Amino acid sequence: MHITECRTEDVVLLDEHLPSGSATSFHARRFARHTAGSSTYLVAWTDGCPVGNGEVRWNGCNAPEVRAVFADCPEINGLHVAEPLRGAGIGTALIRHAERLAVQRNTRKIGLGVDDHGNPRAARLYARLGYQPTVRYLDRWSYIDQDGIAHHVEDPCIFLVKDLTTGTPRR
């Protein structure tokens, strides 16, 4: 397994192997932010196929509750690993890669959000990697499904933060 920054030609493979279920390409929207420089879109690969992805949003979390406390804290967003490969270290590798990028930018902290009740496995992973709970917030987002129906979602989450100044993140 190896991790790269997303390239134009990767978007089609991401849509094919890790579909988002929305009418428009979730991966294309993330790649657009990547090419604009507001984020870095990471892709994990095994045998030429994408098996995971995640985005580092350099401008931080969009939730006002989080921005009020951590306005300058980059956010690891939308971390996803293909279901049959969860628990194989791919999520950890994506997070470590994101942490190294943040350290290279002289960033002192990095954060991510998790629904600690609906996604306890992820919450345990983040805690194991040194992320500490800070701010509860509502993650609000919208999408249009394959049938053209708009969905507006509000997920209760907690923003977890890791101090990157206590040492270089491990590989």
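Below, the figures for the structure above:
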quantity	calculated
Single residue of segment 7-35 satisfying the filter (of a type in the set (A, V, I, L, M) and over 17 Å from the mean Cα position of the chain (by Cα)) that is surrounded by the most Cβ atoms within 10 Å (Cβ to Cβ)	13
Scan of segment 36-82 for residues that are touching a helix residue (DSSP H, G or I) at 6+ places or on another chain (Cβ under 7 Å) and of a type in the set (D, E, K, R), ordered by number	55
From 164, 160, residue being under 14 Å from the mean Cα position of the chain (by Cα) and in contact (Cβ under 8 Å) with a residue 40 or more places away in the chain	160
Sole residue being at positive phi and over 15 Å from the mean Cα position of the chain (by Cα), chosen from 72, 116, 47	47
Residue that is surrounded by the most Cβ atoms within 10 Å (Cβ to Cβ), among those in segment 158-171 that are of a type outside the set (A, V, I, L, M) and under 19 Å from residue 72 (Cα atoms)	159
Residues located in segment 129-168, provided they are more than 23 Å from residue 71 (Cα to Cα) and polar (S, T, N, Q)	146
Identity of the residue in segment 148-157, surrounded by fewer than 18 Cβ atoms within 10 Å (Cβ to Cβ) and touching a residue at least 24 places away in the same chain (Cβ under 8 Å), that ends up farthest from residue 98 (Cα to Cα)	148
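Condition check ((1) closer than 20 Å to residue 141 by Cβ; (2) at pLDDT below 95; (3) out of contact with any Pro (no Cβ under 7 Å at 6 or more places or on another chain); (4) not basic (Lys, Arg)) across all residues:
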site: 4; (1), (2), (3), (4): no, no, yes, yes
site: 15; (1), (2), (3), (4): yes, yes, yes, yes
site: 29; (1), (2), (3), (4): yes, yes, yes, no
site: 74; (1), (2), (3), (4): yes, no, yes, yes
site: 111; (1), (2), (3), (4): yes, no, yes, yes
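The values are calculated or read from the model by the stated rules, or taken from the named source; none is laboratory data. Since we're looking at a predicted model, the values are computed, not measured. No Cβ is skipped: glycine too gets one built from the backbone with ideal geometry, and neighbour counts run over all protein chains shown.
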